[in-house]
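Data block below; observations after.
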Amino acid sequence: MKMQILIRANASSRLGTGHVMRCITLALSIRDNIPADIRFVCNADIPQALAEDICCRGFSLSCLSGTDEEPLDMDRDARETAAVGGEQCDWLIVDHYGLDARWEQLLRPYVRSIFVIDDLANRPHDCDVLLDQNLYPDMDKRYIGLLPEHALQLLGPEFALLRNDFFRLSENAVARTQCQCILVNFGGSDPTNELGKMLPVVESEIGKQFHFIVVAGPANSRVPELRAAFSPFDHVTFYENYSNMAELLASVDLAIGAGGISMWERCYMGVPSVIITVAENQKATVMEAAKRGLAWHIGASGEVRTEQVTDMLEKLLNKPELLAEQSRAVLALTETQRRSGRHPILSILKGEL
């Protein structure tokens with residue numbers, strides 16, 4: 001008998017696509033390992049490309065009446081989600097910053113177990129499992145008083161939700177010793193237009209020493225203008241919504257991007273990062289990663305100047321040992337994941353843990 005799994009997550013051009021994307025990652029991993037019917041429940045204004053992606057992968061999608069632009073009606077949201085789930089689901093997976101214990105308690109009669117994905121630790125949850133894949137100095141204490149006593153906590157990058165592509169390419173995760181090819185990617189929507197801000201870096205004299213792979217995500221509304229801006233440069237390859245990020249990371253020596261799950265994907269593949277934070281909730285974990293030598297954080301969106309990026313690139317060009325040092329550090333961080341070859345949440349869902 002197939003397991004019944006309901007996933008509640010939001011995505012929009014304003015919010016970004018990260019919540020839904022990491023749930024797609026989890027859903028694909030579940031389907032490859034567990035017989036399951038998986039249904040997504042999202043906001044009415046989810047980007048069309050992302051909605052099509054969910055359906056093309058063979059999952060069902062139900063859109064609620066509420067949009068990301070309007071205030072959240074928690075009671076209505078719970079009623080509509082319960083209606084999609086039907087009489088009983090085995091697991092409800094929630095990845096939504098606006099939902100908390102009150103919403104989860106309204107869904108309790110309709111689900112056997114609740115699994116929450118969070119990284120804010122700013123509200124209570126009524127859940128059985130909580131996953132926070134980020135890195136903080138006080139990681140083990142962040143959810144004290146916010147969860148039921150029985151809740152299992154999966155905390156830290158060793159629990160990062162990675163697509164199966166990464167596990168398949170784990171042999172390609174090797175230390176980088178020189179910088180020639182650079183990936184530039186700022187997530188699914190890039191609302192602050194960080195890709196556009198990289199144009200002066202590409203045009204600079206130091207920028208011409210590298211090959212850049214620029215990737216725009218599926219909800220990026222500026223794709224036509226970005227493609228036109230980068231197309232004149234022979235040392236730039238531009239992609240829209242490249243489907244296999246693991247394969248791409250295996251081919252580069254450095255990444256310029258934001259925090260979030262993409263930071264841990266780079267770590268898994270041994271790729272050092274120059275990070276510009278694009279959201280407030282990224283800052284703490286990125287700063288902790290930088291403190292531990294796992295990334296170079298050069299500032300927040302709106303504050304970073306072109307010279308800061310080009311100076312960093314020049315330093316790495318002249319001192320490749322810095323690149324190698326960070327590459328070895330991120331590989332050490334993710335060694336446990338590479339050895340296991342699968343996410344521990346699969347054993348939890350199957351009742352093996």
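Pairs are defined by a Cβ separation below 8 Å, a sequence spacing of at least 6 or placement on different chains, a first member in the stretch 191-216 that is on the phi > 0 side of the Ramachandran plot, and a second member that is basic (Lys, Arg); the pairs so defined are Asn193/Arg222.
The residues listed here are Asp118, Asp128; of these, the one that is of a type in the set (D, E, K, R) and within 23 Å of Ile34 (Cα to Cα) is Asp128. Restricting the stretch 176-206 to residues that are of a type in the set (D, E, K, R) and open to solvent by 20 Å² or more (accessible area, probe 1.4 Å), which is nearest to the chain's Cα centre (by Cα)? Among them, the one singled out is Lys197. Under the condition of being among the charged types (D, E, K, R), assigned to a helix (DSSP H, G or I) and under 22 Å from the mean Cα position of the chain (by Cα), the residues counted in the stretch 268-315 number 4. Which numbered condition in (1) touching a Lys or Arg at 6+ places or on another chain (Cβ under 6 Å); (2) farther than 21 Å from Arg163 by Cβ is the only one that Glu205 fails? Unmet for Glu205, out of (1) touching a Lys or Arg at 6+ places or on another chain (Cβ under 6 Å); (2) farther than 21 Å from Arg163 by Cβ: (1). Number of residues in the stretch 298-345 that are closer than 18 Å to Ile206 by Cα and aliphatic (A, V, I, L, M) equals 9.
Cβ-Cβ contacts under 6 Å between residues 6 or more apart (or on different chains), taken from a first residue in the stretch 162-174 that is open to solvent by 70 Å² or more (accessible area, probe 1.4 Å) to a second residue that is not in a loop (DSSP other than H, G, I, E, B), are listed as Asn172/Ala250. Selection of the stretch 313-334 for residues being closer than 20 Å to Leu169 by Cβ and open to solvent by 90 Å² or more (accessible area, probe 1.4 Å) yields only Arg328.
Just to be sure before I move on: is Asp253 open to solvent by less than 50 Å² (accessible area, probe 1.4 Å), out of contact with any Pro (no Cβ under 7 Å at 6 or more places or on another chain) and among the acidic types (Asp, Glu) in the structure I sent? Yes; evaluated as a whole, the condition is true for this residue. Of all the listed residues (Pro137, Pro148, Pro71), the sole one being open to solvent by 30 Å² or more (accessible area, probe 1.4 Å), assigned to a loop (DSSP other than H, G, I, E, B) and at pLDDT 95 or above is Pro148. So is Leu50 at pLDDT 95 or above and open to solvent by less than 10 Å² (accessible area, probe 1.4 Å) or not? Answer is no for this residue. Taken over the stretch 68-82, the criterion of being closer than 16 Å to Glu104 by Cβ and of a type outside the set (D, E, K, R) is satisfied by Leu72, Met74, Ala78, Thr81, Ala82.
The values are calculated or read from the model by the stated rules, or taken from the named source; none is laboratory data. Computed from a predicted model, the values in this text were never measured in an experiment. Reconstructed Cβ throughout: ideal geometry from the backbone, glycine too, with neighbour counts over all protein chains shown. With ligands, DNA and RNA removed, areas are computed over all heavy atoms of the protein, side chains included. Shrake-Rupley method; radii C 1.70, N 1.55, O 1.52, S 1.80 Å.
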